[in-house]
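This report refers to the structure that appears directly beneath it.
The values are calculated or read from the model by the stated rules, or taken from the named source; none is laboratory data. Quick caveat: nothing in here was measured; it's all calculated off a predicted structure. Methodologically, a virtual Cβ is constructed for each residue, glycine included, from the backbone with ideal geometry; neighbour enumeration extends over all protein chains shown.
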Amino acid sequence: MKDNKIIIFDTTLRDGEQALGSSLGINQKLQIALALENLGVDVIEAGFPVSSQGDFKAVQKIASKVKNSTICALSRALDKDIDMAYEALKVAKHFRIHTFIATSTLHMQDKLKKDFDEILSMAKRAIIRARSYTDDVEFSCEDAGRTPIDNLCFMVENAIKAGAKTINIPDTVGYTLPSEFANIIKILFNKVPNIDKAIISVHCHNDLGMATGNSLSAILQGARQIECTINGLGERAGNCALEEVVMAIKTRKDYLKGFYTDIKCENIFKTSKLVSAITNESIPSHKAIVGSNAFSHSSGIHQDGVLKNRQTYEIISPSAIGIHENRMLMTARSGRAMIKTCLENLGYDENTYNLDDVYERFLRLADKKGQVYDYDLEALMFLSYESEEENEFVLEKLSVISGNIPTACVCMRIKEELKTEACTGNGPVEAVFNCIARITNLKPALKAYSINAKSSGVDAQGQVDVDLEFKGRKFHGKGISTDVIEASAQAFVSAYNAIYRSLKVKERKMHENL
């Protein structure tokens, strides 16, 4: 019986990097490679050594450090590429040479200016040369999705005869649909006589949004390796996303019977966040599996269902990928059940408050504020807090000097008193943060800081979101301005006001012995 393990071949460091505006540094690549090893990735394609000295050194360093994953390097079907790949890989405990050549009529005629027989000869020579260095050789038929099927079958048969142990069938431009791509794999298994001598791999791009669907359709027809990237990084519209195929295989065992991977799914989320941070590629909020909204619920109907049984609206448990925080958002769309549950989680007995009254005031606050947090709900109950205007701290003036010693001067109104401080910092944002901390006499830790454009053009507005931690609790702040420093100051002041209100609530609760 054929083994139903699906080999996960990650190409974040090669194909994924091609999508970035600039190359990653060697240590950045190593950090990602070690995270992929910890995730349980079977094969890590570390780079394209012949492309640059930097890529060569990165592959070499990764090959020397990673022990539990096979390290792979890409090469064209050229002797110098293959030799360079070997030189970079030879220090690895386990390594693979991945050589490729285009096989579609379009690529052969217009790009390579060669006929099929010439391409076939180059492919065989490349595989034989790679086999002189290692038994683990992978061969890719670039643009296989648009290659005449008889040519593809003949190429695959001869590549296996030449010694390739893995044959990769790429949908290089994301052209095929799942039923088409599945049929290509099915025909290969029916027509290539020595197909059982190699592992069939697929490498799908997402130009039509079909990368994950095509990859899954292929394993149903016999493919046993999926090439993918973290967060779907890749040229143009990206590659098949590792987190999507892995969780689809894990979640849909009823349909994908017997298939499994060795990925440690509980490490998916932190690996996704690490890659996002290092590559400076933000994850879309609606991205499947790892987007910030993937497990969030703001609709009252959905929240009520999830509170009764998570499976009503969640097909995957957030904890399965390493998310342990609550993603139930309190907005104007939330119902009474959500507010009641939040208050229960905060330790309030339903007999100590009037739910209808609290809910009515909550809606007024949510209409003004957007998202409401648990500390806002407490402030609403104890302090009658219903407006963003009811703030202890108000930003009045702000000036910043950049240069060798970034300096900020901040003026804030506290009740009726104006207070001004000037501070330096490791950049203007930190200087502003230090000023606000000194004025308020509160010392929270900055845990998260993000900037997002809210519009385009020279007068574009930027939104800054911050998370501050104070005495073990996180507080969120948001600021919007055409000046990112001003938006940062607004966000900090917003979070500081939330901290102040939480301290007032604590004081009131102690006074009332609650």
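Filter the stretch 38-54 down to residues that are farther than 22 Å from Asn267 by Cα and either assigned to a helix (DSSP H, G or I) or in contact with a Pro (Cβ under 7 Å, 6 or more places away or on another chain) (or both), then give me how many there are. It would help to see each step written out before you state the result.
First, pick out the residues of the stretch 38-54 that are farther than 22 Å from Asn267 by Cα: 47-54.
Next, from what is left, pick out any that are either assigned to a helix (DSSP H, G or I) or in contact with a Pro (Cβ under 7 Å, 6 or more places away or on another chain) (or both): 49-51, 53-54.
Adding up the residues that qualify gives 5.
Taking Glu142 and the conditions (1) within 24 Å of Ala88 (Cβ to Cβ); (2) surrounded by fewer than 19 Cβ atoms within 10 Å (Cβ to Cβ), which numbered condition does it fall short on, given that it satisfies the others?
Unmet for Glu142, out of (1) within 24 Å of Ala88 (Cβ to Cβ); (2) surrounded by fewer than 19 Cβ atoms within 10 Å (Cβ to Cβ): (2).
Considering every residue within the stretch 58-80, establish whether at least one is β-branched (Val, Ile, Thr), over 17 Å from Lys165 (Cα atoms), in a helix (DSSP H, G or I) and out of contact with any Asp or Glu (no Cβ under 8 Å at 6 or more places or on another chain).
Start the filter on the stretch 58-80 by keeping residues that are β-branched (Val, Ile, Thr), which leaves 59, 62, 66, 70-71.
Retained after the next criterion (residues that are over 17 Å from Lys165 (Cα atoms)): 59, 62, 66.
In the following step, the residues that additionally are in a helix (DSSP H, G or I) were identified as 59, 62.
Going one step further and asking which of them are out of contact with any Asp or Glu (no Cβ under 8 Å at 6 or more places or on another chain), we end up with 59, 62.
Checked the stretch 58-80: at least one residue is β-branched (Val, Ile, Thr), over 17 Å from Lys165 (Cα atoms), in a helix (DSSP H, G or I) and out of contact with any Asp or Glu (no Cβ under 8 Å at 6 or more places or on another chain).
With over 28 Å from the mean Cα position of the chain (by Cα) and either at pLDDT 95 or above or farther than 15 Å from Ala144 by Cβ (or both) as the only criterion, which of Ile71, Ile97, Ile127 stands out?
Values: Ile71 fails: over 28 Å from the mean Cα position of the chain (by Cα); Ile97 fails: over 28 Å from the mean Cα position of the chain (by Cα).
Just one listed residue meets the conditions, Ile127.
Which residues, taken from the stretch 18-37, are part of a helix (DSSP H, G or I) and within 22 Å of Lys67 (Cα to Cα)? If you could, list the steps in order and put the result at the bottom.
Here is the first cut: in the stretch 18-37, the residues part of a helix (DSSP H, G or I) are 18-19, 26-37.
Answer for the stretch 18-37, where residues must be part of a helix (DSSP H, G or I) and within 22 Å of Lys67 (Cα to Cα): Ile26, Asn27, Gln28, Lys29, Leu30, Gln31, Ile32, Ala33, Leu34, Ala35, Leu36, Glu37.
What about Ile119, is it part of a strand (DSSP E or B) and not basic (Lys, Arg)? Can you show your working first?
Working: part of a strand (DSSP E or B): no; not basic (Lys, Arg): yes.
No: the conditions fail for Ile119.
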